[in-house]
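Step one of this worksheet: look at the structure below.
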Amino acid sequence: MASTSQFLASLARLSLSPASRPAAASTIPRFLAPSATTQIRCAGGGTAQMQARAREKEKLKKKKRQQRFKEYKYAVPTGKGEQFSLCDAMRYIRAAEVGRPPSSVTYEVALKVRTIKNGPVIRNRIRFPHPVKNDTRIAVICPEGSNAMHDARTGGAVAFGEQSLFEIIKANPNNLPFNRLICHTDSVQALNKAGLGRVLGPKGLMPSLKTNTITKSVKTMMQEMVGAETYREKIGVIRIPIGNIQYSPRQLSDNVKTFIESIKADIARMEDRVDKDIIEVVLSSTNGPGFTLNGGFLPTDEKLDPAYLATAM
Amino acid sequence: MVNPGKRMNLLKTLFNLRHGPGAAILPPEISRLHMDFALRWNDGHMGPRKFWKTCLPRLKFWNPAIPMIINRSPDNSGPATLSIYFRKAAAAAATPTSAKVHMTPLAQQAHSSSTNECPAPPPEEGERVVTIEMKHQHSEAILEEFLLKTGAQVLRPTPDEENEMRQAEDLRDRAAIDRSIMKKYIDDKRAEEKMLARAREEADAIRAANSD
């Protein structure tokens, strides 16, 4: 498939006499012409100094390349009909969950975060204005007979003490009477000596500074732990149950707002090390589909009163 | 919901939640629905179960204010009834649907249960109950009777929505064709590789025999 232009080009070459090239060597001054030394460098020679500089440059390049970390993949929701207001999402979810016992159904939120793969992850505790469930049973590791132990007793801990508690844990590690464990700073050494990491670690109960479960004041820690949910980022997503299926849109929006504010505070706290940002907030439920929220509240259907979305399920 | 391809399926799911059997707007006289049937499907409890799974989500979508309670019990020999509670028409016009329900706290209200906790409550003042016997009935038959007894207004998808749905359907068909083409390509490639590997083996065997 030769086009006419190709023919034209060849014709032109045939017809035109080649212009005579000016004799470059004679007109260009000597210092502009490529010298003999540069020719040698191109061939890979050069002084030892030059080679060292080149190596240095290469190293720098490699370092720069390592600075660019891999990120988790994500797709940003775009286009119409992909994002929903809270009431619309709730309407669909409530329809999908009709007839399920409300005790077994919760609204859930998945928060997608733009983040590098090997960086620090977001993990913290949060207290919702309307708690999702309340079955927290706390155990406290604290020196026997100390003030902290008194605090634990008055605060309603199910188990407390030092050696006595360790024995309980060792006796039946698969059926612990508590689901949260906090440790007083004075008992950290005793805890490390007891060697319970193997038992508590897999359950996520091992007190550590990282999980924010070692404290000086047992009292305040217990207060903030009751009705609190822990969350952590896993492969770029933070998932958390956010409300009972019977909550009204107002209650749910309070919880969602609190959650997002908390995440933003977490990100701001670790800003110097990494930069993360929130990509999308997906509202879902135990058995229902997921909806990307657009931040709005009111339903698109004017006839729908938000109060209708809080009737018994 | 990670990749955009999966988002296409979302559209379909949502369409199925809005349109299909059970998409109907109930008259304002209806205050609540109550279904009572067994946890398992034996002894004629399949129909009510299917009605719940296929029709009730759409009814709930179009009538979000009406409480729809499902009480399931482990007893299969028990009845399977659908109770429709009508309130007086005058009262319906005066008060919004949800106002009355909100007077009692959520914990004390009737709720769906899988352990027979909330049997059908007796009608309140000015309410009347219409029941549908669902045992040994097909879910479509139940829906038909339900629509007849409530006088609900059945909804059809708008032309726009139908068009959108058809596009999604077309895309799915196209995907099936593409998938078959891709499969043929991969299969051919694998067959060729297999043949080559076999030929190489034979060549090796011949070479080994010659060298001995």
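Restricting attention to region B:11-45, report how many residues are assigned to a helix (DSSP H, G or I), surrounded by fewer than 20 Cβ atoms within 10 Å (Cβ to Cβ) and free of Cβ contacts under 8 Å to residues at least 60 places away in the same chain. Break it down stepwise before answering.
Quick first cut of region B:11-45, residues assigned to a helix (DSSP H, G or I) only: B:11-18.
Add one more test, that the residue is surrounded by fewer than 20 Cβ atoms within 10 Å (Cβ to Cβ), and what stays is B:11-16, B:18.
Then keep just the ones that are free of Cβ contacts under 8 Å to residues at least 60 places away in the same chain; that gives B:13-14, B:16.
Qualifying residue count for the region: 3.
Do we find that residue A:95 is part of a loop (DSSP other than H, G, I, E, B), without any contact (Cβ under 8 Å) to a residue 12 or more places away in the chain, of a type outside the set (Phe, Trp, Tyr) and within 10 Å of chain B (Cβ to nearest Cβ) in this structure? Can you show your working first?
Values: part of a loop (DSSP other than H, G, I, E, B): no; without any contact (Cβ under 8 Å) to a residue 12 or more places away in the chain: yes; of a type outside the set (Phe, Trp, Tyr): yes; within 10 Å of chain B (Cβ to nearest Cβ): yes.
No; evaluated as a whole, the condition is false for this residue.
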| field | region A:164-220 - residue that is touching a strand residue (DSSP E or B) at 6+ places or on another chain (Cβ under 6 Å) and in contact (Cβ under 8 Å) with a residue 60 or more places away in the chain and, of those, nearest to residue A:146 (Cα to Cα) | value | A:218
| query | When residues of region A:73-92 are filtered for being touching a strand residue (DSSP E or B) at 6+ places or on another chain (Cβ under 9 Å), farther than 19 Å from residue B:14 by Cα and either part of a helix (DSSP H, G or I) or of a type outside the set (Phe, Trp, Tyr) (or both), how many remain? | reply | 2
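State all residues of region A:165-193 that are part of a loop (DSSP other than H, G, I, E, B) and under 32 Å from the mean Cα position of the chain (by Cα); if no residue qualifies, say none.
Looking only at region A:165-193, we keep the residues that are part of a loop (DSSP other than H, G, I, E, B), and these are A:172-179.
Of everything in region A:165-193, those that are part of a loop (DSSP other than H, G, I, E, B) and under 32 Å from the mean Cα position of the chain (by Cα) turn out to be A:173, A:174, A:175, A:176, A:177, A:178, A:179.
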| field | Only one of B:132, B:177 that is within 21 Å of residue B:21 (Cβ to Cβ), of a type in the set (A, V, I, L, M, F, W, C) and modelled with pLDDT of 90 or more | value | B:132
| task | Pick out the one residue from A:190, A:268, A:194 that is under 30 Å from residue A:116 (Cα atoms) and small (Gly, Ala, Ser). | result | A:268
| Looking at region A:183-190, is at least one residue in contact with a Lys or Arg (Cβ under 7 Å, 6 or more places away or on another chain) and closer than 30 Å to residue B:111 by Cα? | no
| query | Looking at (1) crowded, with 19+ Cβ neighbours inside 10 Å; (2) of a type outside the set (Gly, Ala, Ser); (3) within 23 Å of residue A:74 (Cβ to Cβ), which is the one condition that is false for residue A:311? | reply | (3)
| field | Residues within region B:155-212 that are of a type in the set (Val, Ile, Thr) and within 35 Å of the chain's Cα centre (by Cα), tallied | value | 3
| query | Within region A:255-313, can you find the residues that are polar (S, T, N, Q), part of a loop (DSSP other than H, G, I, E, B) and within 9 Å of chain B (Cβ to nearest Cβ)? | reply | A:311
| said: Condition (residue is within 30 Å of residue B:56 (Cα to Cα), assigned to a helix (DSSP H, G or I), outside the structural domain of residue B:54 (by TED's automatic domain parsing) and not polar (S, T, N, Q)) applied to region B:181-199: is it met by at least one residue? | reply: no
| request: Mind listing whichever residues of region A:212-254 are under 26 Å from residue A:280 (Cα atoms), among the polar types (S, T, N, Q) and either touching a Pro at 6+ places or on another chain (Cβ under 6 Å) or in a helix (DSSP H, G or I) (or both)? | output: A:246, A:251, A:253
| said: Yes or no: region A:253-275 includes at least one residue that is touching a residue at least 24 places away in the same chain (Cβ under 8 Å) and over 20 Å from the mean Cα position of the chain (by Cα). | reply: yes
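Take residue A:265 and decide whether it is modelled with pLDDT under 90 and of a type in the set (A, V, I, L, M, F, W, C).
Working: modelled with pLDDT under 90: no; of a type in the set (A, V, I, L, M, F, W, C): yes.
In short, no.
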| task | Would you mention how many residues in region A:194-207 are more than 26 Å from the chain's Cα centre (by Cα) and either among the acidic types (Asp, Glu) or part of a helix (DSSP H, G or I) (or both)? | result | 3
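The values are calculated or read from the model by the stated rules, or taken from the named source; none is laboratory data. What you are looking at is a predicted structure, and each value in this text was computed from that prediction instead of being measured. Counting neighbours? That spans all protein chains shown, and the Cβs are built from the backbone with ideal geometry, glycine included.
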